[in-house]
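Shown next, in structure tokens, is the structure this report addresses.
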Amino acid sequence: MPMIEYRLNHPLNAADVAAVFDASGIRRPSNDLARIERMFANANLVLSAWDDGKLVGVCRALTDFSYCCYLSDLAVDQAYQQHGIGRELIDRVREAVGDEVAVILLSSPEAMEYYPKMGFEKVENGFILKRAR
């Protein structure tokens, strides 16, 4: 296992983020770098995982640091999965927001089995207005 360095709110290059999205299997608009740039510019909590200067994992969240935190992206390059990087990114989000804050997310169908292993409880009282594009 390589030595992973974790960074809090470190500036990220949209092309590097898109590469992690693509390598992770997560479905994001990786062909729209301007949109990815906006996604991260407007997030107020970003954690990233690095292996010898290469971005290998990213976690993006929106939070008020008082009551709720929406974890909107969690992606780890498939070559680095199964080594605890995703868990560490989530743990660092929880550390950053504190124990008064609920961490909420929408899971992709492919990750529905992952999040309960990370301590998340499935909720039935959520609603969504889906994006048009």
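Restricting the search to the range 12-31, which residues are in a loop (DSSP other than H, G, I, E, B) and modelled with pLDDT of 95 or more? Result: L12, N13. Annotation note: of D22, D16, the sole residue that is open to solvent by 60 Å² or more (accessible area, probe 1.4 Å), free of Cβ contacts under 8 Å to residues at least 40 places away in the same chain, within 14 Å of D77 (Cα to Cα) and in contact with a strand residue (DSSP E or B) (Cβ under 7 Å, 6 or more places away or on another chain) is D16. Do we have any residue at all in the range 46-59 that's at pLDDT 95 or above, closer than 23 Å to P29 by Cβ and open to solvent by 30 Å² or more (accessible area, probe 1.4 Å)? Scanning the range 46-59, I find at least one residue that is at pLDDT 95 or above, closer than 23 Å to P29 by Cβ and open to solvent by 30 Å² or more (accessible area, probe 1.4 Å), so the answer is yes. Within the option set R7, R92, being in contact (Cβ under 8 Å) with a residue 40 or more places away in the chain, in contact with a strand residue (DSSP E or B) (Cβ under 6 Å, 6 or more places away or on another chain) and open to solvent by 60 Å² or more (accessible area, probe 1.4 Å) holds for one residue only, R92.
Being part of a helix (DSSP H, G or I) and surrounded by fewer than 17 Cβ atoms within 10 Å (Cβ to Cβ) is the filter here; which residues of the range 67-87 pass it? Explain how you work it out, then say what you get.
Step one: filter the range 67-87 for residues part of a helix (DSSP H, G or I), giving 78-80, 85-87.
Once the filter is applied, which keeps residues that are part of a helix (DSSP H, G or I) and surrounded by fewer than 17 Cβ atoms within 10 Å (Cβ to Cβ), the range 67-87 yields Q78, A79, R87.
Taking the criterion of being closer than 17 Å to L62 by Cα and of a type outside the set (A, V, I, L, M), the residues of the range 73-117 that qualify are D73, D91, R92, R94, E95, G98, D99, E100, S107.
Residues that are open to solvent by 30 Å² or more (accessible area, probe 1.4 Å) and of a type in the set (G, A, S) within the range 99-131 comprise A102, S107, S108, G119, G126, listed in sequence order.
The values are calculated or read from the model by the stated rules, or taken from the named source; none is laboratory data. As the structure is a prediction and not an experimental result, all values here were calculated from the model. Heads up, the Cβs are rebuilt from the backbone with ideal geometry, glycines too, and the neighbour counts pull from every protein chain shown. These area figures cover heavy atoms from the full protein model, side chains too; ligands, DNA and RNA do not enter into them. Shrake-Rupley method; radii C 1.70, N 1.55, O 1.52, S 1.80 Å.
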